[in-house]
Amino acid sequence: MGEPIMKVILATDFSPSSIEARQLAVSLTWPAETHIDVIHVLEPLSGDLLEIRPEPLESELSAAEIEVSAFADGLQQGLAAGRRLVHGSTAVGDPATVIAERADKIGADLIIVGSRGRGRIGSTLLGSVSAGIVDRAPCSVLVARTTSVERLILADDGSEQAAAASGALQQWGLFDQAAITVASVVDVFVPTDGGLGMGASIDIYTDTLGSSRKRASAIVDQRVAELLRRGRTADGIVLEGGAAFELLHLARSRRSDLIVLAHSGKGAFARLLSGSVARSALFDFEGSVLVARPLHSHAEPDHAQFQEVV
């Protein structure tokens, strides 16, 4: 058996943000056996809009194939020598749907996507599409807004999903040179009377806050100790307040290049994708965002099969 293969999709629309995403990919420490599928999705307009044909012209497809091939070649040349393979392809359809389906078909571990783009109506990978990919993808998604990662924030609530996010960071080794700050947020709502009397409500609030602080501290200490044992540069912090505000404030104050969030969780981060935390990170944070899912388990690499799929 050979070593496990890492399968990656890099979505591009050839915009400056896509160039940044490619630069970020080049800066990362990829496993030796890595396959990267560079994909460009042409999004057709409805036939009802502006009386334009719903499908791209053959000339558009040909031009896109040439451009995506050049883009993939540029990535291949930037990667360290080894068995890292890059392949370029084009597709037509809704970008979020096409990319998520491609990731599922090849058993991708990671999708890399820029946050802004260009297209017939202004943007193919802007905000809502990136969020759509995060929502639909069967694997982790890295929304790239930086060209390197020197400092990152790992959000941790002690859940299995958060452990999977940490495990992905360690198994991939992509960010091994980055300093990690493990952050857990205590988000306890201020009490109201609730029919118990204000005094009783405050007592419950105080007890809950105290236990939440202890739990968060234990989570952070355990994760930091684990990272330090593995030779990583790591520290930890417990935050109190709204998870979205506190995480973004921490990331900005520490000039972090990346926020790492689990795809879903319990407790403080239960609202990561259904609520404000991931949405705030995806739309409001200036740096990159990794929304991590549990890792796939791949068999021995089959280069021919990968080429056929993509």
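The values are calculated or read from the model by the stated rules, or taken from the named source; none is laboratory data. Computed from a prediction, not measured in an experiment: that's the story for all the values here. We place every Cβ from the backbone using ideal geometry, glycine too, and count neighbours over all the protein chains shown. Ligands, DNA and RNA are stripped out before the accessible areas are found, and what is left, the full protein with its side chains, is counted by its heavy atoms. Shrake-Rupley method; radii C 1.70, N 1.55, O 1.52, S 1.80 Å.
What to note about this one:
- Residues within region 209-219 that are over 15 Å from residue 243 (Cα atoms) and surrounded by 19 or more Cβ atoms within 10 Å (Cβ to Cβ), tallied: 1
- Residue within region 128-142 that is at pLDDT below 90, open to solvent by 10 Å² or more (accessible area, probe 1.4 Å) and not in a helix (DSSP H, G or I) present: no
- Unique residue being among the basic types (Lys, Arg), modelled with pLDDT of 65 or more and open to solvent by 10 Å² or more (accessible area, probe 1.4 Å) when the list is 120, 145: 145
- When we screen 103, 96 for residues that are modelled with pLDDT of 95 or more and in a helix (DSSP H, G or I), the only hit is 103.
- Listed here are the helices (runs of 4 or more DSSP H) enclosed by region 192-310 that have at least 1 residues being at pLDDT 75 or above and farther than 27 Å from residue 149 by Cβ: 198-229.
- Of all positions in region 158-166, none carries a residue that is closer than 17 Å to residue 251 by Cα and either at pLDDT 85 or above or under 18 Å from the mean Cα position of the chain (by Cα) (or both).
- Residues (in a loop (DSSP other than H, G, I, E, B) and either crowded, with 23+ Cβ neighbours inside 10 Å or of a type in the set (Asp, Glu) (or both)) located in region 9-27: 12, 13
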